[in-house]
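Student: Please see the structure below; I have some questions.
Throughout, read-outs are computed from the coordinates displayed, never taken from laboratory work. Because the structure is a prediction, the values reported are computed rather than measured. With ideal geometry, Cβ positions are generated from the backbone for all residues, glycine too; neighbour counts draw on all protein chains shown.
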Amino acid sequence: MTSVPDPTSSAPGRDFPGPQESALPVYAVRSGFRPLLLVLSLLTIAGGVWAGLSFWREAKSGQFEADCQSARKDRDWKRLRDVANQWTSWDPAESKGWWAAAEAAQEQDEFEEMAACLGKIPETDPNIAFALAEKANLEWAALNRPMEALATSERVIRIDPRLVETHSRIISFYAMNQLRIPMLKAIRMAIGAGAEPKEAYTYLIMADVLSFTNGSELNERWMRAAPEEPRFKIGLAVNTAMQLVMNQETSPTAEIIELNNQAKNQIALFLKEFPHDPVILTFLMHQAYRAGNIPQMEELLAMVDDAAAQDHMIWVYRAWYHTQTNQLKEAEEAISEALRLHPMSPLAHHEYANLLRLQQRPEVEREQRLAAYGRDLRSQVLLLPTAVDLTMALLVQIQSYAEACGDSQVAAAINLRL
């Protein structure tokens, strides 16, 4: 290996350097100080300049803040907006300027501008979660931008998962779109954060078959904002079809029957376009289940992909199909998966009881009781004026049902609330 020469030794066969060459080692001792002194001097000068700049920036920010306070005091919202715009242009990283701009926009009912300003508040601001929650509220309501509102709301709970109202918005959005899979996940996330809205327990009881009187109205409103969004098309179609089915059962007029046929045709078209969509599939499976249509159920189950298989109702209907075709082992595997995904499903307990009855197993009585308890709770919940009108007495019953179903997370959360 080639060694590195020792710089302090002389090379063989070479004379020591003469006087003209001796300057290097002599100068080397002194030269170590000269650049260091120079750097220290420069740092001192730079520090003074930086201190001066910092003082100037603070003074300028202070002036902007004083001008904003003056405009607020005079209720001169146009001047407040002008000062805030100058402030944010000069220093976009200063959140106070964006708050002032958002306030000016709010006072002038300029909700588009208000949302934009709230969205530009830096994440370092201690109130960023509140700012984004307000932005989401505007997007949900005044601006009618549901997909942006959902994205903003999900960002909010990533920053601060304790905001109950934001969880409420997300859960209700999924429920109204019949999106059972993300709805149940959102409820569990809210419970885990100790920030579940009261209506989350209403949705847990209703999760087998989501049905809302204003579901069609909300999806129609959202579809005006995003006409090509499949979720709103499907949500509107399924909510409408469910309402028509119920109307036909209670008052089967010629008009209702015709509208129901049109809704079925629309659903059939959507099935061709979105053959694996769990919302469409579970709606049609529910119809096949009620009609006892085994061949149709078989066709629908063959269309289930991995994403749709996260829906507990897919497994309930699969269990029913296997029970009807005397595939009892497969039926038990399916119903076990349904109860794993949603232990509080009354229909899952009902189908499990049917399976146990066929096998003449002693657990049948327990499952029958749970199924009846769950059905009764669902009937009571459906009579509520709105999902948020859950009474304390009903909440106590849901806690008892959750405990009996082995859903310790829900039972403990209600206990804490009670």
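Student: Would you mind finding the longest exposed-site-free stretch of the chain, with exposed GluC sites (Glu not before Pro) meaning DSSP loop and at most 13 other Cβ atoms within 10 Å?
Tutor: Result, exposed sites excluded: 229-362.
Student: What dipole magnitude, in Debye to the nearest 20, does the chain give about its Cα centre under +1 on Lys/Arg Cβ and -1 on Asp/Glu Cβ?
Tutor: With only Lys, Arg, Asp and Glu charged at Cβ, the dipole is about 620 debye.
Student: Using a cut-off of 10 Å between beta-carbons, work out the net charge of the residues near Ala149 (Lys and Arg +1, Asp and Glu -1, Ala149 not included). Write down the numbers at each step before the final one.
Tutor: Numbers: positive: Lys135, Arg145, Arg169; negative: Glu139, Glu148, Glu154.
Once positives and negatives cancel, what remains is 0.
Student: Here's something else I'd like to know. Determine which lysines satisfy two conditions relative to Lys73: a Cα distance under 29 Å, and not lying fewer than 8 residues away in the same chain.
Tutor: Filter leaves Lys60, Lys96, Lys120, Lys135.
Student: Rounded if a/c is under 1.5, else prolate if a/b is larger than b/c, else oblate: which is segment 245-358, with a ≥ b ≥ c the root eigenvalues of its Cα gyration tensor?
Tutor: prolate
Student: Tabulate in residue order the Karplus-calculated ³J(HN,Hα) for segment 387-397, using 6.51 cos²θ - 1.76 cosθ + 1.60 with θ = phi - 60°, rounded to whole Hz; enter x for Gly and Pro.
Tutor: Working through the residues one at a time gives 5, 7, 8, 5, 7, 5, 4, 5, 5, 4, 5 Hz.
Student: Can you pull a Stokes-Einstein diffusion coefficient for segment 208-274 at 25 °C (0.890 mPa s), Rh from Kirkwood over Cα pairs, as a whole number of µm²/s?
Tutor: For these conditions, the coefficient is 198 µm²/s.
Student: In whole Hz and in residue order, list the ³J(HN,Hα) couplings for segment 365-377 that follow from phi through the Karplus curve 6.51 cos²θ - 1.76 cosθ + 1.60, θ = phi - 60°; x for Gly and Pro.
Tutor: Those phi angles translate into 5, 4, 5, 5, 5, 5, 4, 5, 4, x, 4, 5, 4 Hz.
Student: Amide H neighbours of Phe274 under 5 Å, counting only residues 5+ apart in sequence or on other chains, H built in-plane at 1.01 Å?
Tutor: The answer is none.
Student: Continuing with this model, one more query. Under 1.5 on a/c is rounded, so check that first for segment 106-158, then, if it is not, pick prolate when a/b is larger than b/c and oblate when it is not; a ≥ b ≥ c are the square roots of the alpha carbon gyration tensor eigenvalues.
Tutor: oblate
Student: Follow-up question, since we're still on this one. Could you list Met189, Met206, Met246 so that the one with the fewest beta carbons within 10 Å of its beta carbon is first and the one with the most is last?
Tutor: Neighbour counts put them in this order, fewest first: Met246, Met189, Met206.
Student: If the cut-off is a Cα-Cα distance under 28 Å, which lysines reach Lys272, setting aside same-chain residues fewer than 8 apart in sequence?
Tutor: Lys185, Lys233, Lys264
Student: Still on this structure, I have one more. What's the long-distance tail for the chain, i.e. % of Cα pairs beyond 27 Å?
Tutor: For the chain, the fraction of Cα-Cα distances above 27 Å is 66 percent.
Student: Quick one: order Lys96, Lys73 by neighbouring beta-carbon count within 10 Å, fewest to most.
Tutor: Lys73, Lys96
Student: From the square roots a ≥ b ≥ c of the eigenvalues of the alpha-carbon gyration tensor of segment 165-257, which class results: rounded (a/c under 1.5), prolate (a/b over b/c), or oblate?
Tutor: Verdict is oblate for segment 165-257.
Student: How many nm is it between the label spots at Asp306 and Asp160, if each spot is 7 Å from the Cα in line with the beta carbon?
Tutor: About 3.7 nm separates the two model spin labels.
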